[in-house]
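The values are calculated or read from the model by the stated rules, or taken from the named source; none is laboratory data. The structure presented is a predicted model; accordingly, all values stated were derived computationally and were not measured. Cβ atoms come from the backbone with ideal geometry, glycine included; neighbour counts cover every protein chain shown.
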């Protein structure tokens, strides 16, 4: 990047704004409390649930059934407040909130990759579910390995936890 481009980017700071989002649906799962939920869907392959999409958004599901996995973007609706430094589920060391996937965040937005088992109208039947019952869904995107995989990606502090096969795979109530 050239010096002039760097300067131009510095001058283009975004205005402080707030955004309002309207849920497009809701998650239905067996998880009623924060403890005992898989910390990532991959740790709960048999964890079933449903995404019930509101009627006015049903047309947006056209062709979704061709995907084995989808990405759900949602609100951590039961999360209160946040900490910029906290302990993740996988280990007991402190890390910055932007280096972990904890639900207590400045903007309580989460995402999960789930397996799409089938679609019936505006209901998506899912497995690998790691969300609480009643979680508001903001958006759905198809999971595409060609787009969503990065060869050689580094995983920072998680590398040690991934080597430890006994790391926590379900949540406790810390968040």
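Scoring residue 126 on the criteria (1) within 22 Å of residue 66 (Cβ to Cβ); (2) surrounded by fewer than 21 Cβ atoms within 10 Å (Cβ to Cβ) leaves a single failure, condition (2).
Can you confirm whether segment 146-160 contains a residue that is at pLDDT 90 or above and farther than 20 Å from residue 49 by Cβ? Within segment 146-160, none of the residues are at pLDDT 90 or above and farther than 20 Å from residue 49 by Cβ. Taken as a whole, segment 36-46 holds no residue that is surrounded by fewer than 20 Cβ atoms within 10 Å (Cβ to Cβ) and at pLDDT 95 or above.
Here residue 98 fulfils each of the conditions (1) surrounded by 15 or more Cβ atoms within 10 Å (Cβ to Cβ); (2) without any contact (Cβ under 8 Å) to a residue 40 or more places away in the chain; (3) not in a loop (DSSP other than H, G, I, E, B) apart from (1).
Select from segment 79-113 the residues that are over 11 Å from the mean Cα position of the chain (by Cα), closer than 24 Å to residue 52 by Cα and modelled with pLDDT of 90 or more and list them in ascending order.
Of all residues in segment 79-113, those over 11 Å from the mean Cα position of the chain (by Cα) come to 79-100, 104-107.
Still in the list and also closer than 24 Å to residue 52 by Cα: 79, 107.
The one that is over 11 Å from the mean Cα position of the chain (by Cα), closer than 24 Å to residue 52 by Cα and modelled with pLDDT of 90 or more: 107.
Please specify each residue of segment 101-115 satisfying the condition of being touching a helix residue (DSSP H, G or I) at 6+ places or on another chain (Cβ under 7 Å) and part of a strand (DSSP E or B). Selection gives 112, 113, 114.
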